[in-house]
Structures are given as C-alpha cells and as structure tokens.
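All of the numbers you see were taken from the coordinates with simple rules; none came from a lab. Note that the structure is a prediction, hence the values are computed from the model and not measured. Cβ atoms come from the backbone with ideal geometry, glycine included; neighbour counts cover every protein chain shown.
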Amino acid sequence: MTDGARETAVSDDPAGSGRAPQRGRAPGRRPEPGHGPRTALWVSGLALPPLALLAAASWFGRWVRPSADDWCFLPAVRDDGITGLVGKFYFDDNGRVANAMLVGAYAKFQVAGHQWFPAVSGLLILAVLWAVTVAALRRGGITVPRGLPLLVAAMVTALFLFVTPNTYKTFYWPAASVSHTLPPVLACAALIPLLLARTRRGRGFALAVALLAGAFIATLSEETAVVMVLVLLATLLLSSRLIPPYARVFARWWCVAGLAGTLAGGLVLITSPGSIRRRERFGAETTSLLAPDSLAASLRHFAEITVQTVTTWQYVGAVAVGVLLGLLAERRDGRTPRPPAHWPLLAWTGLLTLLLSGYLCTVIAYPVFQDRVSDPSANRLWNDYLLLYVVLLTAAGALLGLAVRQHVRRTAPAKAVCAALCVLVCAGPAVSLLNLDTDMRARAEKWDAQDRRLREGAADGERVMPYERLVVSAMLEPFGRGGATYWPGGCVADFYGLERVTDGARTR
C-alpha cells in the first residue's frame, strides 16, 4: 500500500486512536495561526466576486431573445410538444435524443424559457461543482475552512462561463449551452454518487448512475462523450496508483459502467435515422473525418485554440484558488496533507488526456465547421473540454499549495497573492458582461417591437412580411452574408404563422 493509500485509509477509519488530533501540524513545525473563524470569513469573502459575476449574468438573462436554431425549436415544441421534438431529432436531424429533451424543456416555455435558462443553468453548474468539491474533500479525509469549497466552485464556474471569447454563445444561447456547456457539468454530477457511496446499495446506485449518465451524455454531445471516455480510460489505467486498494475494485467497475453506458448511447446515436440522414446530408464532409488533410487541418486549428486558451491570463485564477486549497487543507487525522507519491505521472496523464480530448473534439467538429472551428465566435465548440482544463489547473494549484507548505515557513504572503488574483481575474469578465448587457438590451428592445409588428400582421391576415436582422455576438439571423442566406427565415415564418419573411433591410 502506498503512503497516500495508507493516509486515505486512516482518514476513513471511524475508529481513530482516541487522541485529540494535532490539526495541520507537521513534524518539527508549529501550526500556523489563522485556521479558524477568521480564515473562514476571508475565504468566504473571496467567493463574493465570482458569485457576483454569476448573479449579474443571470439577471442580464432577461434580455435574451431567440435567434439561430432556437427559431426552429420554438414552433416545433409549440406545435408537437417535447416528444415531437425528440422524434424530430431521432428520425430527421441528428439522433441526439437527450439533446432534444433538454432543448424541449426550455423551449416549452417559449421566449420565457430563454430568459430563465441562464439563471437556471448557472445555478445548476455552481451547485454541481460545489457538491463535487465537498464530496471529494470528504472522501479524501480532508477538512478545509468553511466557504472554501464554495470559493473553488464559484471560481471554476466563473472562469468556465465568462472567461471566453464569446460569453453569449457559452452562457446565454440555450441551444449551444445544452450541446457544449452543460454536458461536461452533467458528467461531473455523475461523480457525486461515486464519492458518497458507502454501502452496497449506495455503490449499486452509483454504478446505475454511471451507466445511465454515459448513455445520456452520448446522445447529448458527441464531443463531451469523447472527453468522458478518455478520462475514464485514464482512470482505469492509473487506478492501481491513483486509488487505494480497498476502493479500487469498485472504482474500476464504476469506470466500466460509464464506458458501457457511453458505448450504448453512442450506438443509439450512430444507428438512428436522424444521424444517418445527417451523414447523407453533409455527404463528403462527414466521410472525410479521418482523411489525412482533415486530421492535419484539425491539428493546426487545435493548436490555434490551445494558444488562445493558454494565453488567456484570467485562467490563472484556477491556479490561485487551487493553491489556496492546498495551503488551507488539513487531514482529519491531524497530519499535514502531502502531494500524492505519483503526482508527476498523474500530471502528465492529465495533460495528455486534455490534449487528446481537445484534438479529437476538433476532429469531430472540423468537417462541419471547417476553418471556423478555431474562430473565437465558435468558442462554444471548445467548452466540452474547457471545463477539464480549468479543473486540471485547479488541481495543479492544489499540488503547488501543498509543495509551498512543505518548503515555506510562512505561507501568509502566498495566501495574499492568491487572494488578490482571485479578485483580479473577475474584473475583465465583469467589464465584458456589462458591455454584453448593453448589446443584449438594445437587441431585446428592437426584437420586442418587431415581435409585436409581426404578430399583429399575422393576425390581420398578412402572409409575407419583412424581417429586420437583429444580430448579437455573431449569432446567425436570416438574410446573412448580404442577404444571400435565408436560414433560419423559414423557422421565423413558422413561428409567426407566415408563409415567408423577406429581408427588411431591402424594403426600407
């Protein structure tokens, strides 16, 4: 048994030695002061900036109005319900039945569903990451000041959602969020039963959740399914060094259940009539997926995405909050936490998994999006593996924090620097959100006026009416490319009960 495994086994042993634990004390060192209520107070205070970002962004969601694909989902759900949309996806569009269920859940409420979606999805993401953080620390026998798990979850949420080239497509556009933002978070949610399982019934429930989650995500987002498969395979390969012996067998079965569910969902997706029709519709584009030219172009574009992501300095906030976690964590048995014995192997495996996941996601998206796959306006395609990037940065920060505790006598300066960074990285997204709020509000006012005009015209018997393009954050609208592109004009006409809409810019 490794040292890390012995420490974990001791921390999970309910018996104990009967002695009062010497919290945070390392041999030959005096415990640092400040690991009490005052620490909990300033740590909780650091969570306020990212939480304020999430709250403000959710409030700005009241200005969201339909655009692009949402124009087509609204009349479909209104006329045929959620089951009708599921059937349309499975038989005609792409085979993504889970995607259709989530799209139908917000489209059922029409425009109001779009306005509430940012708040609901943001709260869900925060809750899932918070619960995973708490459960992981508890499973590892780690105690931290109150408020630190919330700070970690809030910072990861803020970085994932708002430190992007196009926050609108990541957070505010429901169709993109359902396909690329929520799936990796839902994959994280499947960890919660695993981390909480203590009894045979709990372990059985965790296995069932892994199986169902794999099938659900495979029919929700192909890219996230690829990321999940690679993470599960990496966990299986490293299970002998990553997981203590007493939990190793169950963890391996859990990974196998997740892989089996993903495989089953993938088969449902690939063999669906909608997926077959989609491949026929794109023709040579999908058949060239593994062509040498396509693979080389995907590699080039993934390199461009990587450069854009790595040079986005705000992601240092993930490292900073991770360092705080490493500096403030204590073991329940009184021993100071230490980095895992095989941490270099874990670090290299995590990096390789991230790079391979990102490249394969780019390979999948490239045949359809071509050179736009690395364009900042299409950044929603990166979100399937971006959450893994932020989580790995946080884990790297935690390892760095543990190393600092071993080699530095006074950690107060490191804590102060990390605290300042946690606040500083929220400044840029705050400015971007305010500017986006202005653009969204201007569009919403024009959209509402046009909505009234089109509804009144349809009620008066008009069959063809002009439509003015209302673009926000490079979203698609009818009559793009100088009026050459009609899509989604037909869906707009269906939404208002018209036969056709014409280019309003040419009728003025």
Would you order Trp59, Trp447, Trp487 from fewest to most other beta-carbon atoms within 10 Å of each residue's own beta-carbon?
Trp59, Trp487, Trp447
Mean residue ellipticity at 222 nm from the helices of the chain, using -39,500 (n - 2.57) per DSSP H segment of n ≥ 4 over the full residue count, to the nearest 500 deg cm²/dmol?
-22500 deg cm²/dmol
Can you put Ile217, Ile276 in order, fewest other beta carbons within 10 Å first?
Ile276, Ile217
Gyration tensor on Cα atoms of the stretch 227-354, a ≥ b ≥ c root eigenvalues, a/c under 1.5 rounded, else prolate if a/b beats b/c, else oblate, says oblate
With +1 on the Cβ of every Lys and Arg and -1 on the Cβ of every Asp and Glu, the dipole magnitude of the chain about its Cα centre, in debye rounded to the nearest 20, is 2340 debye
How far apart, in nm, are the 7 Å Cα→Cβ label points at Glu445 and His407?
5.7 nm
When a/c reaches 1.5 or more, the comparison of a/b and b/c decides; with that in mind, is the stretch 441-507 rounded, prolate or oblate per its Cα gyration tensor?
oblate
How many angstrom lie between the Cα centre of the stretch 97-155 and the Cα centre of the stretch 284-346?
21 Å
With no other cysteine's Cβ closer than 4.7 Å, which Cys residues of the chain count as lacking a disulfide-compatible partner?
Cys188, Cys255, Cys361, Cys418, Cys422, Cys426
Lys pairs in the chain, Cα-Cα under 28 Å, at least 8 apart or on separate chains: how many?
5
Could you work out the longest stretch of the chain that avoids the GluC sites (Glu not before Pro) located in DSSP loops with at most 16 other Cβ atoms within 10 Å?
1-461
Each label sits 7 Å from Cα toward the beta-carbon; between Arg38 and Val256 the label points are separated, in nm, by 5.4 nm
In terms of the alpha carbon gyration tensor, root eigenvalues a ≥ b ≥ c, rounded if a/c is under 1.5 and otherwise prolate when a/b exceeds b/c or oblate, the stretch 87-205 is oblate
Put in order of increasing Cβ neighbours within 10 Å, starting from the fewest, Lys169, Lys88, Lys446 give Lys446, Lys88, Lys169
Using amide H atoms built in the peptide plane, which far-off residues or other-chain residues are under 5 Å from Thr485 H to H?
Phe479, Gly480
How far, in nm, would the chain grow between Asp80 and Asp371 when pulled straight, counting 0.36 nm per residue and subtracting the alpha carbon separation?
101.1 nm
Using the crude model of +1 on Lys and Arg Cβ and -1 on Asp and Glu Cβ, and no other charge, please compute the dipole size for the stretch 441-507 relative to its Cα centre, in debye to 20.
240 debye
